[in-house]
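Novice: Just dropping this structure here.
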Amino acid sequence: MQTNFTAQQLADPAIAQSEQILRKCVHCGFCTATCPTFVTLGDELDSPRGRIYLIKDMLENDKPANDRVVRHLDRCLSCLSCMTTCPSGVDYMHLIDHARAHIEKTYRRPFGDRWLRKLLAWVVPRPSLFRVSLLGAKLAAPFAGLMPERLRGMVKMGARPLPPPSWVDRPQVIPAQGPRKGRVAILTGCAQQVLETEINEATVRLLTRLGVEIVVAKGAGCCGSLVHHMGREAQSHAQAMANIAAWHGELAEAGGEGLDAIIITASGCGTTVKDYGTMLAQDSQWAAKAAKIAALACDITEYLARIDLPADLISPVHTTDAVGVDHHLANEQASMPKTAPSPAPVSVLEGAVRGVASPSGGKTTAASAPVVSRKWRVAYHSACSMQHGQKIVHPPRDLLRKAGFEVLEIAEGHLCCGSAGVYNLLQPEISARLRDRKQANIRTIKPDIVATGNIGCMIQLETDGLKVIHTVQLLDWATGGPCPQKLAQ
Ligand code: SF4
Ligand code: SF4
């Protein structure tokens, strides 16, 4: 694509980067076919190519964002499906990042939109505040029907059972079981540690069982992804810097004990942490540290594939419960959605205590292995941030198969489920259409459960009776941890 930026404009590194990205686009339009918003709405301006033209015009002519540009760019999910499809290697991710920051600087949103965004940017990255908000939302649930649609999403989220805070999310060093074979930091996240404490608990159990010491670094928190996608550059950079400072202190060069990796269990966060080097490339104080931290960032499944899950740790698949029911056969006879049988109940806390070197000193033993059959048909939902953002395709599927699960592919797997951070709250109609489409595709293959590696997708898809479990919970279960609570109910 030909561009016409002036030398003065190109002196701005952000413009220079966007110009390079724009020049790669050859207008072929291949990306339109795999763009969820184009597929849903059918408007060229809601396709990657259309958005690229809007961004080019805005930046090249140094225009403030207007209603039309904002409408179509706001509808972009940042799913990055277009980047997987594009034969020319157009880096759409950094182009839309730049455009969103430009919108934030030059456009005054309508009152309601402005305050909803401020509220989400303030509340969601702070776990304590988010927890209180969800409890408040629970009280507001009876009045949900009277609320604007965008607030209803938050109220629905509050209606979910909220687990109590977990000890694994507090700053600490959690020792490996047996000889230490590795040392990692873990991003405990923000919304995830409020909505699903089992994910980090399962991660801690699994890694320590594999001989890995875990650092939950003091000062690390939200990865910055949520506000980054809102164009709130200063806030996202501040959150990134806090994490970099916390983790960098653990590196050998900073006098720490060293880290083999920074483990991330929400692929949306993983995509952002892996991008810290680019986000802070122009900041002379932070650029080098940011690049180092980004290089260490690793999805939990990438790390497990790297260290190789020992086959002898995997407990037998086909077992029966305390009353002798063969659940595989029972499940084959039941229709979707299927619920797990009733094993001897295993609570989250029991699992946490016995699965790791916890404050009570418990350890995983053969006796703690689940008694529920794991012979499940698992539909694997690859989050966009996993498959498009981080290009992680095989490790989660391979690990699930190795753990004894039957892995099923979902049709139109490249299309977003409509979660996309807080997109489901900001664009509820498009989000609901994408969710319904994804759920229909899942139902077609009649799985017992759905596995995924991103908390946003879990919350989005678990409606309609689907049981959506994080991949790491299934892997922990297969190697001696407790049955995920959703399956044990
Ligand atoms: S990121 Fe996703 S929604 Fe946005 S233009 Fe690309 S494919 Fe479409
Ligand atoms: S596929 Fe790539 S090159 Fe073709 S229009 Fe889309 S972004 Fe441009």
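The values are calculated or read from the model by the stated rules, or taken from the named source; none is laboratory data. For clarity, every value in this text was computed on a predicted model and none was experimentally measured. For neighbour counting, all protein chains shown are included, and Cβ atoms are generated from backbone atoms with ideal geometry for every residue, glycine included. Surface accessibility is based on the protein's heavy atoms, side chains included, excluding ligands, DNA and RNA. Shrake-Rupley method; radii C 1.70, N 1.55, O 1.52, S 1.80 Å.
Novice: Enter the accessible area of Phe405 (Å², nearest 10), with the probe set to 1.4 Å and all protein chains included.
Specialist: 10 Å²
Novice: If you don't mind, another one. Rounded to the nearest 10 Å², what accessible area does Cys35 show when all protein chains are kept and the probe is 1.4 Å?
Specialist: Surface open to solvent at Cys35 totals about 10 Å².
Novice: Run the numbers for Arg160 and Leu41: contour at 0.36 nm per residue of separation, minus the present Cα-Cα distance, in nm. Working shown, then result.
Specialist: Details: separation 119, 0.36 × 119 = 42.84 nm, distance 3.05 nm.
39.8 nm is the gain from fully extending Arg160 to Leu41.
Novice: Carbon and sulfur together cover what percent of the accessible area of region 8-89 at a 1.4 Å probe radius? Mind showing how you got there, number by number?
Specialist: Details: 1840 of 3570 Å².
On region 8-89, the fraction of accessible area on carbon and sulfur atoms equals 51 percent.
Novice: So, one more: What FRET efficiency comes out for Asp113 versus Ile445 if R0 is 45 angstrom and r is the Cβ-Cβ distance? Round to the nearest 0.05.
Specialist: Details: r = 38 Å, r/R0 = 0.84.
The value I calculate is 0.75.
Novice: Moving to a separate point now. Can you tell which of Gly258, Ala290, Cys269 lies farthest toward the positive end of the dipole of the chain, using +1 and -1 charges on the Cβ of basic and acidic side chains (Lys, Arg; Asp, Glu)?
Specialist: Cys269
Novice: Please list Thr444, Thr197, Thr106 from largest to smallest accessible area, probe radius 1.4 Å, with all protein chains kept in place. Don't jump to the answer; show the numbers that get you there.
Specialist: Numbers: Thr444 105, Thr197 5, Thr106 55 Å².
Final ranking, largest accessible area leading: Thr444, Thr106, Thr197.
Novice: Compute the accessible area per residue over region 1-108, keeping the other protein chains in place, probe 1.4 Å, unit Å². Don't skip to the end; give the middle numbers.
Specialist: On the way: 4780 Å² over 108 residues.
Value for region 1-108: 44 Å² per residue.
Novice: Per the 1.4 Å probe, what fraction of the accessible area of region 378-430, in percent, lies on carbon and sulfur atoms? Numbers along the way, then the final one.
Specialist: Numbers: 930 of 1700 Å².
Carbon with sulfur: 55 percent of the solvent-accessible area.
Novice: Then there's this: Over region 144-281, with every protein chain in place, what whole percent of the accessible area is carbon and sulfur at 1.4 Å, could you tell me?
Specialist: Details: 2670 of 4670 Å².
So the carbon and sulfur contribution to the accessible surface is 57 percent.
Novice: Please report, in whole Å³, the volume per residue of the convex hull around the C-alpha atoms of region 165-323.
Specialist: Working: hull volume 21.4 nm³, N = 159.
Each residue corresponds to 135 Å³ of Cα convex hull volume.
Novice: Largest first and in whole Å, give the semi-axes of region 108-232's equivalent ellipsoid, each being the square root of 5 times a Cα gyration tensor eigenvalue. Intermediate results must be reported in sequence, preceding the final value.
Specialist: Details: eigenvalues 235, 59, 18 Å².
So the three semi-axes of region 108-232 are 34, 17, 9 Å.
Novice: If each DSSP helix of 4+ residues adds -39,500 (n - 2.57) and the sum is divided by the residues in the chain, what number results at 222 nm, nearest 500 deg cm²/dmol? Kindly include the intermediate steps, with their values, before the conclusion.
Specialist: Working: 26 runs with 232 residues, N = 489.
Calculated at 222 nm, the ellipticity per residue is -13500 deg cm²/dmol.
Novice: Before I look further, what does region 251-322 give for accessible area per residue, probe 1.4 Å, in whole square angstrom? Walk me through the intermediate numbers first.
Specialist: On the way: 3080 Å² over 72 residues.
Spelled out: the 1.4 Å probe surface of region 251-322, per residue, equals 43 Å².
Novice: Can you give the three extents of the C-alpha atoms in region 91-133 along their principal axes, from longest to shortest, in whole Å?
Specialist: 37, 27, 12
Novice: Which longest run of the chain has no exposed loop site in it, a site being GluC sites (Glu not before Pro) in a DSSP loop with at most 14 other beta carbons within 10 Å, and the site itself not part of the run?
Specialist: Details: sites that count: Glu257, Glu412.
Maximal segment without exposed cleavage sites: 1-256.
Novice: Next up: Considering all projection directions equally, how large on average is the shadow of the alpha-carbon convex hull of the chain, in square nanometres?
Specialist: Details: hull surface 90.9 nm².
For the Cα atoms of the chain, the hull's average projected area reads 22.7 nm².
Novice: Rounded to the nearest 20 Debye, what is the dipole magnitude of region 55-118 about its Cα centre when Lys and Arg each give +1 and Asp and Glu each give -1 at the C-beta? Before the final figure, lay out each step's value.
Specialist: Values: 12 positive and 9 negative charges, 79 e Å.
I would put it at about 380 debye.
Novice: Which distance in Å, rounded to a whole number, links the C-alpha centroids of region 425-439 and region 152-195?
Specialist: Cα centroid of region 425-439 versus Cα centroid of region 152-195: 27 Å apart.
Novice: Determine the equivalent ellipsoid of region 374-425 by diagonalising the alpha-carbon gyration tensor, then write out the semi-axes as square roots of 5 times the eigenvalues, largest first, rounded to whole Å.
Specialist: Details: eigenvalues 103, 31, 18 Å².
Working from the Cα gyration tensor, I get semi-axes of 23, 13, 9 Å.
Novice: Compute, for the chain, the length of the dipole vector about the Cα centre, with Cβ point charges of +1 (Lys, Arg) and -1 (Asp, Glu) only. Units Debye, rounded to 20. Display every interim value, and only then the final one.
Specialist: Values: 53 positive and 45 negative charges, 147 e Å.
I would put it at about 700 debye.
Novice: Moving to a separate point now. Over the Cα atoms of region 381-489, what radius of gyration and what Dmax do you get, in Å?
Specialist: Taking only Cα atoms of region 381-489, I get Rg and Dmax of 13.6, 42 Å.
Novice: Here is a further query. Using 10 Å bins from zero, what percent of all Cα-Cα pairs in region 41-136 falls into each bin?
Specialist: Each 10 Å bin holds this share of Cα pairs: 14, 39, 30, 15, 2.
Novice: What is the calculated FRET efficiency for Lys181 to Asp12, with r their C-beta to C-beta distance and R₀ = 35 Å, to the nearest 0.05? Don't skip to the answer; put the middle values down first.
Specialist: Working: r = 47 Å, r/R0 = 1.34.
In this case the efficiency is close to 0.15.
Novice: A follow-up question, please. Return, ordered by residue number, the residues of region 68-89 whose backbone nitrogen is under 17 Å from a label point located 7 Å along Cα→Cβ of Arg23.
Specialist: Zone members listed by number: 88-89.
Novice: Moving on to the next point. For Asp62, tell me the accessible area in Å² from a 1.4 Å probe, rounded to the nearest 10.
Specialist: 110 Å²
Novice: A follow-up question, please. Note down the Stokes-Einstein diffusion coefficient of region 161-248 in µm²/s, whole number, using a Kirkwood radius over alpha carbon pairs, 10 °C, and 1.306 mPa s. Before the final figure, lay out each step's value.
Specialist: On the way: Rh = 13.9 Å.
Reported coefficient: 114 µm²/s.
Novice: If you don't mind, there's one more thing I want to ask. Spin-label point model (7 Å from Cα, Cβ direction): what's the Asp398 to Asp312 distance in nm?
Specialist: With each label placed 7 Å out from Cα toward Cβ, I get 2.2 nm.
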